[in-house]
1. Six or more apart or on different chains, Cβ under 7 Å: which pairs go from a residue in region 329-345 that's charged (D, E, K, R) to one that's not in a loop (DSSP other than H, G, I, E, B)? Could you list them?
2. Quickly run through region 191-207 and pick out the residues that are touching a helix residue (DSSP H, G or I) at 6+ places or on another chain (Cβ under 9 Å), of a type outside the set (V, I, T) and touching a residue at least 40 places away in the same chain (Cβ under 8 Å).
3. One residue is enough: does region 292-305 have a residue meeting the conditions within 30 Å of A59 (Cβ to Cβ) and assigned to a strand (DSSP E or B)?
4. Is it fair to say A271 is surrounded by fewer than 15 Cβ atoms within 10 Å (Cβ to Cβ) and touching a helix residue (DSSP H, G or I) at 6+ places or on another chain (Cβ under 6 Å)?
5. Looking only at region 275-293, count every residue that is farther than 25 Å from F347 by Cβ and touching a Lys or Arg at 6+ places or on another chain (Cβ under 7 Å) and tell me the total.
6. Among the residues that make up region 15-38, is at least one of them of a type in the set (D, E), at pLDDT below 95 and touching a helix residue (DSSP H, G or I) at 6+ places or on another chain (Cβ under 9 Å)?
7. Which condition breaks for V29 when tested against (1) away from the ligand (no atom under 16 Å from the Cβ); (2) closer than 21 Å to A316 by Cβ?
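The values are calculated or read from the model by the stated rules, or taken from the named source; none is laboratory data. These numbers were taken from a predicted model, which means no experiment stands behind them. Cβ sites come from the backbone with ideal geometry, for glycine too, and all protein chains shown count toward neighbours.
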Amino acid sequence: MTQQWLPPIHWDGDTVAILDQRLLPRKEVFLRCTKPQQVVNAIRNMAIRGAPAVGVAGAMALALGAQNIQAADPQTFKRKFVRLCQQVKDARPTGNNLGWAVEKIYSVVVENPGSGVLELQELIRQKADEILSEDVAANLAIGEHGKELMPRGARILTYCNAGALATADYGTALGVIRAAHASDPSIEVYTCETRPFLQGSRLTAFELMKARIPVTLITDNSVGTLMQQGKISVVVVGADRIAANGDTANKIGTYMVAVLAKTHHIPFYVAAPRSTIDPTLGEGREIPIEQRDPKEVTHFNGKAVAPLKVPALNPAFDVTPHKYIEGIITEVGVLHKPFGKAIRKAFEM
Ligand code: MRU
């Protein structure tokens, strides 16, 4: 569709093909997973990342696992399948889409109590395919809604990678940017490096250059200065989990960008499908935040960039309070404040 490359996660027959994002932008190599555990490992070690992509990968891991389960009767199948669902769900804690996808897949088992093993395996694969194609459709819709919010000639700042690589294809924040650029080729993008995993420099810059959308790479700590100089007209980022009141967990550093945007009267938008919204959590402080290996901070490309044994912290996400967010761009439209009410309504659509 929009890419010159294969979608970052797709079926290749009965194999799950995952573009190994750890090697980008230098190499485009697909991992070929035939066992669910291989997909779970790919999620854990960030070969695939980005909340919606992780959700899709989880669904595909379950479809693979369901095929591989040896069971003479549906009861044995269900027992084994529940165990697998839990393993997949636990692969990464912050993004909502993974748990959401596991629930969706498991509902197939619950809703078809009379089905045999073969039929359940087929229905699970169908549901996984549905989750994948619905994610692409949601991103296209997010792009259409979001582009209306981008001023002509906008200088858009984005953070981390919320593009095709972070979803089934097209992207959320980058979906908005792609759609905006299609109707106004004069827009330009600034992408932050996004320390320590460099999703902005390795992935977002790579994707935008492939899409021929003008992009400038900046260090994370130059956001304030660029805003002060009037170089940024709008901010659009993705999300990992959005609480019922609109508080949003996204890549560590997003909160800093949102506070700066508010100070400089620059609108700050979050683009995310409803599968990222967790209406069971009242506010952002309830969102579990993944703590990653401090070595990602103390080392770069395997080389120490800090004194050996210095203690380091590596929270992977932070929470931006809803007061800093101008709007949440979803597939059913742009949600405005009060977000509690708007989110409830979005789930009725
Ligand atoms: O640790 P990552 O790379 O999985 O974090 C990704 C992000 O924070 C993205 O901004 C978010 O998942 C939205 S992707 C559409």
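1. Filtered contacts from region 329-345: E331/A138; E331/A141; E331/I142; E331/R274.
2. Correct list: C192, R195, P196, F197, Q199, G200, R202, L203, F206, E207.
3. No: region 292-305 contains no residue that is within 30 Å of A59 (Cβ to Cβ) and assigned to a strand (DSSP E or B).
4. Considered against the rule, which asks whether it is surrounded by fewer than 15 Cβ atoms within 10 Å (Cβ to Cβ) and touching a helix residue (DSSP H, G or I) at 6+ places or on another chain (Cβ under 6 Å), A271 comes out as no.
5. 1
6. no
7. All conditions pass for V29, except number (2).
One line per residue, one yes/no per condition, for (1) in a helix (DSSP H, G or I); (2) within 16 Å of the ligand (Cβ to nearest atom); (3) of a type in the set (V, I, T):
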{"residue": "E122", "(1), (2), (3)": "yes, no, no"}
{"residue": "S133", "(1), (2), (3)": "yes, no, no"}
{"residue": "H145", "(1), (2), (3)": "yes, yes, no"}
{"residue": "P151", "(1), (2), (3)": "no, no, no"}
{"residue": "A168", "(1), (2), (3)": "no, yes, no"}
